[in-house]
Structures are given as C-alpha cells and as structure tokens.
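Undergrad: Sharing a structure, written as structure tokens. Questions coming.
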Amino acid sequence: MTEDLTGKRALVTGAASGIGAATARWLAAHGVTALVLVDLDGPGLAALDMPCEVLPFPGDVTDEALWDRIEAEAGPLDYAVINAGIAGGAPIATMTLDEWRATLSVNLDGAFLALRCATRLVRDHGAMVLTASVSGLKAEPGTAAYGASKAGLMQLGRVAAKELAPRGVRVNCIAPGGVDTPIWDQTPFFQEMIAQAGGDRAAAMAALSGAATPLARFATADQIAAQIGFLLSDAAGTITGTSLVSDGGYLL
Ligand code: NAD
C-alpha cells in the first residue's frame, strides 16, 4: 500500500509488544509525524526505535488518571489504535470473580477509557481501530471472559462509529484469529501444548496454527498491522462500524 501518512499523529495502546509494536512500526514506516504510545511495559516502550517523534505513556490502560494525562499532554490525533489486551483462559466453572474482572477490566474498561480519550483528541475525518478477536464471534471452551470482552468491544466500536460518523470519524475493529505473539503464553492450554512438545514453543505454535485454521497458518503481527493500516487509510474511507476478520478461515 502506498498510503502517505506524513503529518499525521497516531495513538497506539499495547504498543510495546506484538500487534501494537508492529502497528507502531507500520505507521512510522508510512510517515506519521508523531506516535503516542501506551503500555504497561515502560522499558519495552523505551526500547522501540521509531523514525518519528514518540510520546511514551508507560502505564495501565485501566487507570483513568493516565488518560486524563494523555488528554492534557498528547495533542491532537488523526488515528487511534486501541489494542492493549490480555488473554485469560479459565473455564466458567472454576473461574474466580477476580479472574473474570481482570480480563474485562483491561479489554473493555481500558478500551473504553482509551476510546473516550480518543474521541476527544481525534480530529474530524480521523479514524480508529479496536483490536477485537474471533473469540468475540465464536464460542470455545475457556474463552468466556476473553470472548465476552471482545464481543463487547465490537459493539462498543459499532456505537462509537455511529456517534462519530457526523464528524467523519470512522471506527472499525480488526478481529484476528491466531497471531503468534507473547499473548498465547498467558493461556494454560498453550502452556500445556508447549509441555507436550517437550518445551519447544515454536513446535507448539506450528501445531496450534496448523490445527486451528483451514489455511494452516496464523497471521504475523506485521500482517495484522498492515490490515489495521488499511482500515485507518483513505482506501477504507467508506468502511465504518465493521469488524475485519483475519483468521485464516477459522470461522468457516
Ligand atoms: P502481546 O501480549 O504481545 O501485546 C499486548 C500488549 O498489551 C503488551 O505489550 C502488554 O504489556 C500490553 N498490556 C496488557 N495489559 C495492559 C494494560 N493493562 N495497560 C497497558 N498495556 C497493557 O499480545 P498481542 O497479541 O499483540 O495482543 C494485542 C491485541 O490483539 C490484544 O487486544 C489481543 O486480545 C488481540 N488479539 C490477539 C490475538 C493473537 O492471537 N495474538 C488474536 C486476536 C486478538
């Protein structure tokens, strides 16, 4: 894609790792002038080497005071990529209320706070992408909290799209299937697969992606970043309130 984002300013949450870091790199490679980057992992944010101005905000997306500070200090935005998330993989019967709340808190409360801030900072005709998941569209055991959070996120995105349409601001979700990032290591069942593969994470990931998708492969973080870039770009100028499924055919 030849999109030129020179002069644009973008917010990315969950920017220190995986899809968020790849999206920050994609935006920088396409010319954004400034990146407002948010992540719990302060050293991870500091280690990113971006060829543009970076305003790092180390902190927890569920912390309302962090968003007050970002609103006061970040300046105007053209794009927001609301992406920070955690997995959580307990079955309903054994899930504690704290586990349920932890996942909902980061994936939904954190996204709401980011979205509310972004609606105030994003200029007219800007665009936003929320990172949802196919887990919000399909039931799998052990995904109750994560799936509920991502289904909620997709509805949050649709409502935001309708509220912001009068300003020409577009809001979409990306709904990846599997992407090989560190988030998988948080799930008990992937830890079990690694143990079954004799501690070989790459072999466990190959087995998982091969079994889970008709295309027999997960996306790379760079591929999801480019798809987020498309949703932000003028090429997607009539697309709002939708979820782009990128799952190697998992939902078929
Ligand atoms: P990742 O673990 O590599 O990156 C997530 C980032 O979010 C990390 O840098 C982490 O520090 C940050 N983060 C987590 N909680 C935070 C908090 N409370 N405050 C601030 N930052 C926080 O994982 P990823 O795969 O890149 O995940 C990005 C998004 O993609 C998540 O919303 C995830 O649910 C979604 N997703 C991932 C996959 C996949 O297979 N990897 C599939 C579908 C959707």
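Undergrad: Given the structure, is GLY89 modelled with pLDDT under 95, of a type outside the set (Asp, Glu) and touching a Ser or Thr at 6+ places or on another chain (Cβ under 8 Å)?
TA: Yes; evaluated as a whole, the condition is true for this residue.
Undergrad: Now for a different question. Answer with yes or no whether GLY157 is assigned to a helix (DSSP H, G or I), out of contact with any helix residue (DSSP H, G or I) (no Cβ under 6 Å at 6 or more places or on another chain), within 14 Å of the ligand (Cβ to nearest atom) and modelled with pLDDT of 95 or more.
TA: For GLY157, the condition - assigned to a helix (DSSP H, G or I), out of contact with any helix residue (DSSP H, G or I) (no Cβ under 6 Å at 6 or more places or on another chain), within 14 Å of the ligand (Cβ to nearest atom) and modelled with pLDDT of 95 or more - is met.
Undergrad: Is it the case that VAL171 is away from the ligand (no atom under 15 Å from the Cβ), in a strand (DSSP E or B) and open to solvent by less than 30 Å² (accessible area, probe 1.4 Å)?
TA: Considered against the rule, which asks whether it is away from the ligand (no atom under 15 Å from the Cβ), in a strand (DSSP E or B) and open to solvent by less than 30 Å² (accessible area, probe 1.4 Å), VAL171 comes out as yes.
Undergrad: Within region 185-201, which residues are surrounded by fewer than 16 Cβ atoms within 10 Å (Cβ to Cβ) and touching a residue at least 24 places away in the same chain (Cβ under 8 Å)?
TA: Across region 185-201, the qualifying residues are GLN186, PRO188, PHE189.
Undergrad: Additional query: Grab the helices (runs of 4 or more DSSP H) fully contained in region 1-87, keeping just those with 1 or more residues being in contact (Cβ under 8 Å) with a residue 60 or more places away in the chain and farther than 24 Å from LEU108 by Cα.
TA: Correct list: 18-29.
Undergrad: Now a separate question. Quick one: what pairs do we get from region 202-228, first residue over 18 Å from LEU244 (Cβ atoms) and within 12 Å of the ligand (Cβ to nearest atom), second assigned to a helix (DSSP H, G or I) and hydrophobic (A, V, I, L, M, F, W, C), C-beta under 7 Å, 6+ apart or different chains?
TA: Listed by first residue and then by second, the contacts come to LEU208/PHE190; LEU208/MET193.
Undergrad: So, in region 176-215, how many residues would count as being hydroxyl-bearing (Ser, Thr, Tyr) and either over 20 Å from the mean Cα position of the chain (by Cα) or within 19 Å of GLY249 (Cβ to Cβ) (or both)?
TA: The total comes to 2.
Undergrad: Separate question: Would you mention how many residues in region 88-117 are away from the ligand (no atom under 15 Å from the Cβ), more than 11 Å from SER149 (Cα to Cα) and in contact (Cβ under 8 Å) with a residue 40 or more places away in the chain?
TA: 5
Undergrad: Could you list, in sequence order, all residues of region 99-154 that are among the charged types (D, E, K, R), in a helix (DSSP H, G or I) and open to solvent by 20 Å² or more (accessible area, probe 1.4 Å)?
TA: GLU99, ARG101, ASP109, ARG116, ARG120
The values are calculated or read from the model by the stated rules, or taken from the named source; none is laboratory data. Computed from a predicted structure; not experimentally measured. A quick note on method: Cβ atoms are made from the backbone with ideal geometry, for glycine too, and the neighbour counts reach across all protein chains shown. In case anyone asks, the SASA skips ligands and DNA or RNA and just uses the protein heavy atoms, side chains included. Shrake-Rupley method; radii C 1.70, N 1.55, O 1.52, S 1.80 Å.
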